[in-house]
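The values are calculated or read from the model by the stated rules, or taken from the named source; none is laboratory data. Please read these numbers as outputs of a predicted model, since none were measured by experiment. Positions of Cβ are backbone-derived with ideal geometry, glycine not excepted, and every protein chain shown enters the neighbour counts. The area values use the complete protein model at the heavy-atom level, side chains included, leaving out ligands, DNA and RNA. Shrake-Rupley method; radii C 1.70, N 1.55, O 1.52, S 1.80 Å.
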Amino acid sequence: MFENCPSIIPQKPIQKLVVLLHGYGSNGDDLLEIAKIWQPDLPNTAFFSPNAIEASEVNPFGGYQWFGLKDFDHTNIRAGLDKARPHVNRFLKRLLAEYSLLPSDLIVTGFSQGAMLALDMVYAIRLGGIIGYSGAFYPPLNTQPLSSPPVLLVHGTADLVVPYA
């Protein structure tokens, strides 16, 4: 589904899934480092960190983007999220089916642009939870989320890329 999806898959029976969505211009290998830190405390969890759907317009040397980012205008970001969401939705559903797990067994974690997309997934699939680092929420108009999973958002007040406000 994704050209490259770095992962950590335990040999024990897999009971949970964590999907890590990287930020603009980054790649799946960057966020897999978080999985290496979490793995000892989550021994029956498989971690997947796919590269985004497009080559990066700002980092053509191994970087990817979920969508182009001309500016932080709500309309542009919303269009990008609408474009990326079906790709991630299919990937998440495929993982759940492959491992015979329930949506409650799936946590989606994102950084920056990946956090925007992780939050947007509530409009496509039921999730066990969302963790977002330095992202923003751009809900679609006239659409209700499928569920309200637990959400943890972490954001520094001095972020110059995605303003704290």
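Look at the alpha carbon pairs under 8 Å that are at least 6 residues apart: their mean separation over the length of segment 1-119 gives a relative contact order of 33 percent. Distances between placed amide hydrogens fall under 5 Å for G132 paired with G110, L152, L153, V154, all partners being 5 or more residues away or on another chain.
Calculated mean residue ellipticity at 222 nm for the chain: -8500 deg cm²/dmol, from DSSP H runs with n ≥ 4 weighted as -39500 (n - 2.57), summed, divided by the residue count and rounded to 500.
Roll a 1.4 Å probe over the protein chains and send me the accessible area per residue for the chain in Å². Kindly include the intermediate steps, with their values, before the conclusion.
Working: 8430 Å² over 165 residues.
In whole numbers, the chain has 51 Å² accessible per residue.
Within the set [x] 16; [y] 25; [z] 13, the number that percent of Cα pairs over 29 Å apart takes when calculated for this structure is listed as [z]. Between the helical axis of 28-38 and the longest alpha-carbon principal axis of the chain there is an angle of about 50 degrees.
For segment 61-113, which trypsin sites (Lys or Arg not before Pro) pass both filters: DSSP loop (anything but H, G, I, E, B) and at most 13 other C-beta atoms within 10 Å? Display every interim value, and only then the final one.
Working: sites: K70, R78, K83, R90, K93, R94; in loops: K70.
Those satisfying the criteria are K70.
Check the chain and count each lysine pair with an alpha-carbon distance under 23 angstrom, considering only pairs eight or more places apart or from different chains.
Count of close lysine pairs: 6.
For the chain, find the longest principal axis of its Cα atoms and tell me its angle to the long axis of helix 74-98, 0 to 90°, nearest 10. Helix 74-98 sits roughly 10 degrees off the main axis of the chain.
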